[in-house]
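Participant: Here it is, the structure, as C-alpha cells.
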Amino acid sequence: MSLALAVLALLAYLGARETAVFAVRSIEVQGVRGGAARRVETALVPLEGKSLLKVNGDEVTRLATALPTVAGVTYDRAFPNTLRVRVETEQPLAVVRRGIEAWLVSRRGRVTERIAQGTHRRLPRIWLPKTVDVTLGATLGTGSGADEIAMLSPLHEARLARLVASVHQVDGEWVYMLRGGLELRVGTASDLPLKLAIAQRILSGTTVSGYLDVSVPERPAAVIDPQVSG
C-alpha cells in the first residue's frame, strides 16, 4: 500500500512539473524597491511560464546577477504560481576615476554604475590610467584597481573609511590621502589591519600634519603640529 502511494505521489509530482498548474505567473522581489526591483523583475522574465518545480537556484542567480548592482539572490516557491526572490545588492566602496569618467565600484571590486563627476563625495577615489579598460558589471583585475580595492576594504573595521579621500602607490609603497591633505603611509599590504589600528589610535588622540608613517608598526613616525603641541 505504501509503495503504491509513493508511486502515485511521484507520478503526480512528475505530472505537475510538466503542466502549467504551477507555472510562474508572478515574480515577487524583496530586498530592493522601486526601479531596482523592477529591473530584477525584468531580468527574471525568462522564468515566467516555467513550472515552479523546475526552477533552480543556479538559473535564478545567473539571471539576477547579470545586473551589475546585484551581488546574489535567494528564492522561494510560493505555490501555486509565485516566485519570491530576495536580492542582496552590491555595497559601494569607492569611485573609480579614469580621466573625466567615473564609476561606482563595490566592496567585491565589481563595477556597478557609471556616475557623474563630483557625486558620491563621501567615497574614496581610485585613479586609473586611461589605458585601463573599465566595463560595467565586470570585476576590476590586478593592476586595474583590484589592489586598491583590497587596500580600502579594511578601512571600515579600523574606523578610518570616512577619513580617506584616495589610495595610491608611490615607489611600491601604499599611501592613503586623508581628507584635509594628510598622507597616511602604510608601506606594503602586509600587517595592514595592525597598521591601520595603530594609525587610528594615533589620529584619534594627536594632531598630525604632513604625514603619518606606520609602515613599520613598531616605530610609527609623524610630524606633530607644533601649534597644537606647544
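The values are calculated or read from the model by the stated rules, or taken from the named source; none is laboratory data. Everything numeric in this text was worked out from a predicted model, so none of it was measured. In this analysis, Cβ positions are derived from the backbone assuming ideal geometry, glycine residues included, and neighbour counts consider all displayed protein chains. For the accessible areas, the whole protein counts, side chains as well, though only heavy atoms, and no ligand, DNA or RNA atoms are used. Shrake-Rupley method; radii C 1.70, N 1.55, O 1.52, S 1.80 Å.
Participant: Taking Rg and Dmax of the Cα atoms in Å straight from the coordinates, which label in (i) 18.2, 65; (ii) 25.2, 94; (iii) 22.7, 79 is the correct one?
Facilitator: Step by step, Rg and Dmax of the Cα atoms in Å for this structure corresponds to label (ii).
Participant: Label point 7 Å out from Ile202 along Cα-to-Cβ: which residues of region 140-168 have amide N under 19 Å?
Facilitator: Output list for this probe position: 152, 154-168.
Participant: Could you pull the Rg and Dmax for region 42-155, using just the Cα atoms, both in Å?
Facilitator: Cα-based Rg and Dmax for region 42-155 come out at 17.2, 53 Å.
Participant: Taking amide H positions as placed 1.01 Å from N in the peptide plane, with prolines and chain starts having none, which residues 5 or more places from Val70, or on another chain, fall under 5 Å of its amide H?
Facilitator: The list, which skips near neighbours in sequence, is Glu90.
Participant: Then there is this: Pop out the ³J(HN,Hα) list for region 88-96 in order, Karplus 6.51 cos²θ - 1.76 cosθ + 1.60 with θ = phi - 60°, rounded to Hz; leave Gly and Pro as x.
Facilitator: Ordered by residue, 3J(HN,Hα) equals 10, 8, 5, 9, x, 10, 7, 10, 8 Hz.
Participant: Sorted by mean Cβ packing within 10 Å, highest first, what order do the peptides 188-194, 27-33 take? It would help to have the intermediate numbers written out before the result.
Facilitator: Working: 188-194: 13.3, 27-33: 16.1.
Going by the mean number of other Cβ atoms within 10 Å, highest first, we get 27-33, 188-194.
Participant: On a 0 to 90° scale, report how tilted helix 192-205 is relative to the longest principal axis of the chain, with both axes built from alpha carbons and the result rounded to the nearest 10.
Facilitator: Approximately 60 degrees, to the nearest ten.
Participant: While we're looking at this one, here's another question. Calculate what fraction, in whole %, of the accessible area of region 47-187 sits on carbon and sulfur atoms when a 1.4 Å probe is rolled over the protein chains.
Facilitator: Details: 3460 of 7240 Å².
Reported share for carbon and sulfur atoms: 48 percent.
Participant: Continuing with the same structure: If you count only protein heavy atoms with a 1.4 Å probe, what accessible area per residue comes out for the chain, rounded to a whole Å²? Let's see the in-between values first.
Facilitator: Working: 13110 Å² over 230 residues.
I get 57 Å² per residue for the chain.
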